[in-house]
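Everything below concerns the one structure shown next.
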Amino acid sequence: MGDLIRTGNLTGTVKTLDIRSVHLRTGDACDVYVPNAQIFSQELYNYTRDGLRRPDFTIGIAYHDEPEQVIALLENTTRSVSDVLAEPQAFISIRAFATNYIEYQVFFYMDVGQSKRNIVELTNDVMVSCWRTLHEAGMTFSTDVTTALEIRSTPAFCIEGSLAETK
């Protein structure tokens, strides 16, 4: 009771157990009664047992920013946020090469039993810290990257004389 679990496509906190079902309270405040047959026949994920969780998020940075520098900034910043565990270490992975930017995925670990913040609060703090560090380093975020062309106008020119004079 009180553990955060997932079974099938349902995730919630166990409120009660009885002979027929498990009462879950979902994150959107719904009470769901899961038949024990489902609990016994499907995978059961317990997110509370040891308290270790691995949140993650993705951020897009322009191709002209050096990937090694981006990764180092993201790793150092993530590891410096309080409540992010030193072990296992936070790490960064290049997730994809999108059309206009590189997607970096930031992974870090927390102990939900020991953290002063919940998983959403800590993830937000890490995201804000990473944004601030990248912004201060002059990195270009994916929302700032465009495929627009810079159009430069040519100097104005005039033709002297008239068409009648050239005949």
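Just one of Leu44, Leu24 is touching a Gly at 6+ places or on another chain (Cβ under 7 Å), among the hydrophobic types (A, V, I, L, M, F, W, C) and more than 30 Å from Ala137 (Cα to Cα); which is it?
It is Leu24.
Mind checking which strands (runs of 3 or more DSSP E) fall wholly inside the range 1-85 and carry at least 2 residues that are of a type in the set (Phe, Trp, Tyr) and farther than 19 Å from Phe108 by Cβ?
Hits in the range 1-85: none.
I'd like to verify a number: residues in the range 53-81 that are surrounded by fewer than 13 Cβ atoms within 10 Å (Cβ to Cβ) and in contact with a helix residue (DSSP H, G or I) (Cβ under 6 Å, 6 or more places away or on another chain), how many?
Matching residues across the range 53-81 total 0.
For the range 9-27, check the following and say yes or no: at least one residue is touching a Pro at 6+ places or on another chain (Cβ under 9 Å), free of Cβ contacts under 8 Å to residues at least 24 places away in the same chain and either in the same structural domain as Ala137 (by TED's automatic domain parsing) or of a type in the set (A, V, I, L, M) (or both).
yes
Could you tell me whether Gln114 is over 20 Å from Glu68 (Cβ atoms) and assigned to a loop (DSSP other than H, G, I, E, B)?
Against the criterion (over 20 Å from Glu68 (Cβ atoms) and assigned to a loop (DSSP other than H, G, I, E, B)), Gln114 qualifies.
Among the listed residues Asp50, Asp18, identify the single one that is loosely packed, with under 15 Cβ neighbours inside 10 Å, out of contact with any helix residue (DSSP H, G or I) (no Cβ under 9 Å at 6 or more places or on another chain) and of a type in the set (D, E, K, R).
Asp50
The values are calculated or read from the model by the stated rules, or taken from the named source; none is laboratory data. Computed from a predicted structure; not experimentally measured. Because the Cβ atoms are built from the backbone with ideal geometry, glycine has one as well, and the counts that use them run over all protein chains shown.
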